[in-house]
Amino acid sequence: MFSKSCEYGLRAVIFIAQQSNIDEKVSLTVISEAIDSPQAFTAKILQQLTKNNVVKSLKGPSGGFYIEKTQMKLISLSDVVQVLDGNNIYTGCGLGLSQCNEEEPCPLHFKFIKIREDLKSMLQTTTLFMLAKDMKQTNFFLKV
């Protein structure tokens with residue numbers, strides 16, 4: 001459903017949010033290791049997320065990537081998906097067919113509409129703060 005860059009991006013922002021929640025900034029190396037992503041690929045993803053004000057970066061010895069706590073409450077997973085994948089996840093065909101629509105539906109078209117709506121709702125209502133808070137209380141993993 002998500003592109004590989006979006007999958008890594010979601011994992012990265014969740015990890016950064018978790019670390020920011022305990023007042024830590026994290027380096028590119030630490031992030032890529034924590035989410036099991038190639039470092040160069042992670043750098044490109046973080047560059048997009050920084051450019052779109054999802055994450056912030058600070059250079060220098062005490063620098064790294066972080067998300068301000070007040071922003072964590074405002075940034076939803078949908079915001080991250082929008083930056084990295086756009087709206088295609090909410091409109092695309094479940095089978096990946098470009099011509100699938102109401103007039104010429106694929107076999108999954110009408111069943112997939114409900115799934116897309118539920119996914120959109122979950123992504124829009126789940127904030128980074130909610131996930132960072134949950135990760136503090138329970139053990140989660142971000143590696144495959």
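Only the coordinates and a few stated rules stand behind these numbers; no lab work does. Keep in mind it's a predicted model, so treat the numbers as computed, not measured. We place every Cβ from the backbone using ideal geometry, glycine too, and count neighbours over all the protein chains shown.
Structure above, values below:
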| read-out | value |
| --- | --- |
| Region 4-137, dipole about Cα centre (Lys/Arg Cβ +1, Asp/Glu Cβ -1), debye to the nearest 20 | 420 |
| Options 130, 30, 119, ranked by Cα towards positive dipole end of the chain, top entry (Cβ charges) | 30 |
| GNM flexibility winner over the chain from 57, 121, 27 (Cα, springs under 10 Å) | 121 |
| Candidates 14, 45, 22: whichever shows maximal mean-square fluctuation once the chain is modelled as a Gaussian network with Cα springs under 10 Å | 22 |
| Net charge of Cβ neighbours under 12 Å - reference residue 94; Lys, Arg +1; Asp, Glu -1 | +3 |
| Those Cys residues of the chain for which no other cysteine Cβ falls under 4.7 Å | 6 |
| Prolate/oblate/rounded label for region 1-77 (Cα gyration tensor, a/c 1.5) | oblate |
| Exposed-site-free run, longest, the chain (rule: GluC sites (Glu not before Pro); DSSP loop; at most 11 other C-beta within 10 Å) | 1-101 |
| Candidates 84, 74, 95: whichever shows maximal mean-square fluctuation once the chain is modelled as a Gaussian network with Cα springs under 10 Å | 95 |
| Cα radius of gyration and Dmax for the chain (Å) | 16.6, 58 |
| Ellipticity estimate at 222 nm from DSSP helix runs (n ≥ 4, -39,500 (n - 2.57)) divided over the chain, nearest 500 | -17000 deg cm²/dmol |
